[in-house]
Amino acid sequence: MHSRLTPYLLIAPLLAFIAVFTYVPILTSVNLSFREWDFLTAAKPWVGTENYRLVLTSNQFWNSVQVTAIFALISVPLRLMLAIGIASYLVREALPQRLLRGALFLPSVTSTVAIAVVFSWLFATDYGVINAALAVFGLPKVYWLQDPQLALWVIILVNTWKQLGYDIVIYIAGLQAISPDLYDAANVDGGKRFHVFRRVTVPLVMPTTYFLLVISVIEAFQVFTVVDVMTRGGPAGATDMVVNMLYRVGFTLFDIGQGSAIAVLLFILLIGLAIFKARVLGRRVHYEA
Amino acid sequence: MKRETLWPWAALVAGLIFLSPVLYTIWMSFLTVDSYYAGDPVLTLENYRVAFGEFDFLRYLLNSLFVSGVVTLGGLALAVMAAFAFARFDFPGGDFLFAAVVATLMIPSHITLIPNYLTLANIGLLDTYAGLILPAISNGFAAFFLRQYIRGIPRALDEAAYMDGARPLQVLWRVIVPIARPAILSMGLYIFITEWNNYIWPLVAISDSDLYTLQIGLAKLYRENPGEDVINWPLVMAASTITILPILIGFLAVERHLVRGITMGAVK
């Protein structure tokens, strides 16, 4: 009927691209992380673990780890709590719910650069909408993106606004997959509604919560674009995420060795999380009402 | 009863408030810069003329359309062929190779940044369309998703076609692809949007402004602060609107396909 080679020929193009642009680069990164190289010279001398020593003893690296961890620890639970609450209201397939779902989902497919630009304008010190609104109430200007105490919160807000709709849509799919009767949790009379939400809805969507929790943390550790456009990691490193530091070390300082060492360290952390996710989600999570 | 009639209005208002930054961006893009700062709106298309003309956004728009289009078509072609092989053929090493494809879903892309830059530099593809397209073309998620979908199509349909003397590629093209169209469309949208919004790779791979995509063009325009003493926000907003609008229009047309593609990947 067909040659034994057929399946191999069909998968060859995809596998070739995956090999060249995904798997080989992992090995290349590991190799380069043990060398000293500025991209310009021909020689790439082997320096052992020197790059790792330099990275792991640099304040900048630990600052970016800390900033990224704070970002993840605040933005992920915030998004998930908002999303599960909103999803339980929007789970029915009626027109208002669907429209609102669409509105909430839209930012998650919209250009991150454009969103970052728009929020830079909202939070601009002069002529920004937020400060203009404060001025109406006689409040002073706030230096949202220039104040190290505030800039990270603005980044968290932008990320939440952008990603919330995705979480909601996943929660709705999770709720609908459980049981059609549950959509009507929202129809229960006032006082009982929160009880149903806490005792029935939340435990039943636990698998979805685990899924979102892990992928959101992984994604939070790779945040780059919002920060690059809005603050470039500033002020004074207050929003400097790990990938922003990686980009700076690799592509503006051209320290390929240290850049690769940062990439490998982040890779190990994220693969660890991904394996944890596969283990936890691979097992059936028990429902407890 | 009363609450039921209130719901649509409350939902509409909530949606508009949530999207107000985007809506206001579009509104602002039609204001003259003087009237924006004076707070007395005067409408104009001038910002779009300047953005498309002097600031080259027409070129960036075409670059984005071309790059995202080729990545989508190429990505779908590779994924559909591989998905068909994994769904329909039993072959030595098949399980292992499928696992290797699925594992790419777990691999964070930042690890490939420096090596892919070096690879493209070695073969002289930095600052080319090929350099933007090639690293983005393999899509493990699309291959995985389509394989699951194809497995749900009855094998009897393939067998009938083989009986009539069709070859595997003909079976794929005439039997599988037409049936799997909704799934292929969902994946196509997903790939297109992901590539359209891609920022870090073009930032690394492109320095020639003739090859900028919209994302890079917009970030540069915003940074270089066009305008005399004050930022020309209306111009920046016109550029932002140009960057958002194609996806916005597509979104309104095919939201359901998109949501299905995204949720089917997440909820087993």
Fill in the blank from the handout: So for R0 = 56 Å, FRET eff. of residue B:5-residue A:268 from the Cβ-Cβ r, to 0.05, ends up at 0.50
Handout entry: Rough spin-label spacing in nm, given labels placed 7 Å along Cα→Cβ, for residue B:179 and residue B:65
Key = 3.6 nm
Exercise for the section: May I ask you to work out the translational diffusion coefficient for segment A:46-282 at 37 °C, viscosity 0.692 mPa s, via Stokes-Einstein with Rh from the Kirkwood sum over Cα pairs, reported in whole µm²/s? Expected result: 165 µm²/s
Problem - Taking N as its residue count, the alpha carbon Rg of segment B:142-205 over 2.2 N^0.38 Å - result: 1.51
Completion exercise
Karplus-derived 3J(HN,Hα) from phi for segment A:192-197 (6.51 cos²θ - 1.76 cosθ + 1.60, θ = phi - 60°), whole Hz, x at Gly and Pro, runs 7, 5, 5, 4, 4, 4
Handout entry: Separation of alpha-carbon centers, segment A:100-123 and segment A:212-273, rounded to whole Å
Key = 22 Å
Exercise for the section: Provide the packing ranking of B:64-75, A:127-138, i.e. peptides ordered by the mean count of other C-beta atoms within 10 Å per residue, highest first. Expected result: B:64-75, A:127-138
Exercise for the section: Measure off 7 Å from each Cα along the Cα-to-Cβ vector at residue B:253 and residue B:42, then give the distance between these two points in nanometres to one decimal. Expected result: 3.7 nm
Practice task
Enter the per residue convex hull volume of segment B:48-130, computed from alpha-carbon coordinates, in Å³ rounded to the nearest integer.
Solution key: 150 Å³
Completion exercise
chain A: relative contact order from alpha carbon pairs under 8 Å, six or more residues apart, as a whole percent, is 29 percent
Practice task
For segment B:44-112 and segment A:13-29, compute the distance between their C-alpha centroids and round to whole Å.
Solution key: 15 Å
Exercise for the section: May I ask for the net charge around residue A:245, where only other residues with Cβ less than 13 Å from the Cβ of residue A:245 are counted and Lys, Arg are +1 while Asp, Glu are -1? Expected result: -1
Practice task
Determine the sum of side-chain charges near residue A:80: Lys and Arg each +1, Asp and Glu each -1, restricted to other residues whose C-beta is under 13 angstrom from that of residue A:80.
Solution key: -1
Fill in the blank from the handout: Assertion target for A:195, B:110, ordered by fewest C-beta neighbours within 10 angstrom first, is A:195, B:110
Practice task
May I ask for the net charge around residue A:122, where only other residues with Cβ less than 15 Å from the Cβ of residue A:122 are counted and Lys, Arg are +1 while Asp, Glu are -1?
Solution key: +1
Exercise for the section: With label points built 7 Å along Cα→Cβ from the Cα atoms of residue B:148 and residue A:206, find their separation and express it in nm. Expected result: 2.2 nm
Completion exercise
Computed over chain B: longest principal axis from alpha-carbon atoms vs helix B:140-151 long axis, angle to nearest 10 degrees, is 50 degrees
Handout entry: Under Karplus coefficients 6.51, -1.76 and 1.60, residue-wise ³J(HN,Hα) of segment B:175-181 in Hz, glycine/proline x
Key = 9, 6, 4, x, 6, 7, 3
Handout entry: Amide H contacts of residue A:35 (H built 1.01 Å from N, under 5 Å, at least 5 apart or other chain)
Key = A:47
Handout entry: Length-normalised contact order for segment B:103-180 - Cα pairs under 8 Å, 6+ apart - percent
Key = 25 percent
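A short reminder: the numbers here are calculations on the coordinates, not readings from a lab. Model, not experiment: these values are computed from the prediction. FYI the Cβ positions are ideal-geometry reconstructions off the backbone, even for glycines, and counts take in every protein chain you see.
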